[in-house]
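The values are calculated or read from the model by the stated rules, or taken from the named source; none is laboratory data. This one's a predicted model, so the numbers in the text were calculated from it and none came from an experiment. Because the Cβ atoms are built from the backbone with ideal geometry, glycine has one as well, and the counts that use them run over all protein chains shown. Note: accessible area is taken over every heavy atom of the protein model, side chains too, but ligands, DNA and RNA are not part of it. Shrake-Rupley method; radii C 1.70, N 1.55, O 1.52, S 1.80 Å.
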Amino acid sequence: MHNLFHFPEQSKKSLSTLSYDNLGEAIYIEDLKHAQKSLSDLINGSQKAKLLQRGYVSIVSGPYGVGKTVSAWAIINELRKEIPEIFFIERSLLPFGNTSEAISAFLNNFAYRLWQEGVVDIREDIAQFIFEVTQDAVPLKLEASIGPIRVGKDLVPGARSDDVYEVVSGKFSGIKKCPAIIILLDDVDRLRTSEIIETMRLVEKLRLLPRTVVLLPVYKDILTNAFQNELHVPGDTAPTFLRKLSDYEISLRADYGGLKKIFLSKFEGKYGSIDGISIPELCWYSLVHNIVIREAIAKIDGAPDKGVINHAFEFSNSPYLSHLQKAFMLQNHYQAGFSKEEHPMPAHYFESGQDYFSPLGKQYSYIADRTNDSGMYTQLGELRNIDNVAKLITLDSNIVDALRSNYKTEFKKDVEDKSSRPALVAFFIPKLQISENEPLLTNNYRARDVEDMALRILGDRRFDKKSSDALLFYRIASERFDEYR
């Protein structure tokens, strides 16, 4: 019995020992190494004079679940191996009361740690710092149309913001014990929009301090939405506004091969195969088939122009759907002829009292011709139906040859019984196997998602690794996906 309760979060202890090797074969590892090299040069190389003038903010961006936090930790851990004198502090700002309290607690701890480790003493200066950053401060305002944020305010009676920054900046410039102070602020994108703004005020303050490097693992879209909603920044300038607050961005993206590897890793032990496809891979392809079609429909439903359905079958949107459409087109226009490498996919049809074999694409004529939006939409949805993936494809060479030049040929039940396979394994999965990437999967689902869905499939009471019924695994994958989504 597989455990359905899944706790993917790593402990702080395991995060502190992460290296690039722990990230598997993620395609963005080279980007992380490049970021580490750039930071090393900034801290202890040819660019270190710049860090002595002011701080530096680096964003590790990507959707939820793509590995932003572990990537940020891996960069920091590798950097500290190279430069062990670095001072490092991390904090999640998910508030225990409110964000102001969380920020206050962090800055007090920050000042204490700096003093405790003999780096610098700013304990007497931190109160003004806290007062300006938290919600007691005057709200952020824009200078001109897109920023930057104005954060310096005379908030303490008789005290000037410039004074405290001259003092603190002078102290940071004079630090001898360590070449840089690295701050990792996590979970910013899990805060409310008003709290995100308050946190970014903190980031802007820290960025003014020499020797300071701030790493932010964030879903960038969440931050830009916060700027739009809280600061009324126009949608087209919100990304520019965020760039004003950062110096470097590492953009993480999901990798089809990586997601597949993570999914298959959950299938421990030995599994058989069905029609040459291992059971774990059969589950994977069944899942991807459902994901691609469901996400394509969701994209169409969310578009103001329903004519976008034609784009659903473009290669750039989905290589898989593009392969299906081209195959259906060829199967519906048999007069063009089939090459030896192409297959008409003979399927059983009954029409006007007559049984006959005809290409599978016959029932997907709207997708084949791409001329009727409503018909295409309906047939796209039908691709997920169990009856359609279960439709038998006859592999008998005589029937196949007959359909290379004719749209239909005589149906023979005994031939179908002897040499047929479900369309799932005879047609659909082979089209998925030649699709090395599926944006509708990688743009919407992350490592945690496919890991969770693998566990749900394995935890289904009907799952039997000894079964030879391919459609059983398809049904489980389809139902568990619908449940997850």
Which condition breaks for E85 when tested against (1) modelled with pLDDT of 90 or more; (2) outside any helix (DSSP H, G or I); (3) open to solvent by less than 60 Å² (accessible area, probe 1.4 Å)? (3)
In segment 32-73, what count of residues is obtained for those that are of a type outside the set (S, T, Y), within 22 Å of S16 (Cα to Cα) and not in a helix (DSSP H, G or I)? 7
Could you give me the residue pairs with C-beta distances under 6 Å whose first residue belongs to segment 433-444 and is small (G, A, S), whose second residue is crowded, with 18+ Cβ neighbours inside 10 Å wherever it lies, and which are 6+ apart or on separate chains? S435/P319; S435/Y320
Scan segment 281-293 and give yes if some residue there is surrounded by fewer than 21 Cβ atoms within 10 Å (Cβ to Cβ) and of a type in the set (S, T, N, Q), otherwise no. no
Counting only residues that are in contact with a helix residue (DSSP H, G or I) (Cβ under 6 Å, 6 or more places away or on another chain) and under 18 Å from F227 (Cα atoms), which one in segment 180-193 is most open to solvent (accessible area, probe 1.4 Å)? T193
Just to be sure before I move on: is S468 over 23 Å from K362 (Cβ atoms), surrounded by fewer than 20 Cβ atoms within 10 Å (Cβ to Cβ) and among the small types (G, A, S) in the structure I sent? yes
Regarding A35, is this residue within 16 Å of A72 (Cβ to Cβ), at pLDDT below 90 and surrounded by 14 or more Cβ atoms within 10 Å (Cβ to Cβ)? no
In the list S145, S104, S92, which residue meets the criterion of being at pLDDT 80 or above and either surrounded by fewer than 17 Cβ atoms within 10 Å (Cβ to Cβ) or among the aliphatic types (A, V, I, L, M) (or both)? S92
Quickly run through segment 24-60 and pick out the residues that are in contact with a Leu (Cβ under 7 Å, 6 or more places away or on another chain) and of a type in the set (G, A, S). S40, G55, S58
For helices (runs of 4 or more DSSP H) lying entirely in segment 390-485, having 2 or more residues that are within 23 Å of F350 (Cβ to Cβ) picks out 397-402, 413-418
Of the conditions (1) under 23 Å from L424 (Cβ atoms); (2) aliphatic (A, V, I, L, M); (3) open to solvent by 20 Å² or more (accessible area, probe 1.4 Å), V308 satisfies every one except a single condition; which number is it? (1)
Just a yes or no: is a residue in segment 257-280 of a type in the set (G, A, S) and either over 30 Å from S467 (Cβ atoms) or touching a strand residue (DSSP E or B) at 6+ places or on another chain (Cβ under 6 Å) (or both)? no
Would you pick out the residues in segment 242-260 that are within 16 Å of the chain's Cα centre (by Cα), in a helix (DSSP H, G or I) and surrounded by fewer than 16 Cβ atoms within 10 Å (Cβ to Cβ)? G257
State which residue pairs qualify: first residue touching a residue at least 60 places away in the same chain (Cβ under 8 Å) and β-branched (V, I, T) and inside segment 260-276, second residue surrounded by 13 or more Cβ atoms within 10 Å (Cβ to Cβ) and assigned to a loop (DSSP other than H, G, I, E, B) in any location, beta carbons under 9 Å apart, and separation of 6 or more residues or different chains. I262/G24; I274/S467
Among (1) over 23 Å from L472 (Cα atoms); (2) not in a helix (DSSP H, G or I), the one test that S365 misses: (2)
Being under 27 Å from S173 (Cα atoms), touching a helix residue (DSSP H, G or I) at 6+ places or on another chain (Cβ under 8 Å) and small (G, A, S) is true for just one of G45, G65, G55. Which residue is that? G55
Among the residues of segment 109-123, are any open to solvent by 70 Å² or more (accessible area, probe 1.4 Å), modelled with pLDDT under 90 and in a helix (DSSP H, G or I)? no
Residues within segment 457-485 that are free of Cβ contacts under 8 Å to residues at least 12 places away in the same chain and either among the hydrophobic types (A, V, I, L, M, F, W, C) or in contact with a strand residue (DSSP E or B) (Cβ under 6 Å, 6 or more places away or on another chain) (or both), tallied: 1
Scope segment 374-421; condition more than 15 Å from Q363 (Cα to Cα), surrounded by 18 or more Cβ atoms within 10 Å (Cβ to Cβ) and out of contact with any Asp or Glu (no Cβ under 7 Å at 6 or more places or on another chain); matching residues: I399, V400, L403, T409, E416, S420
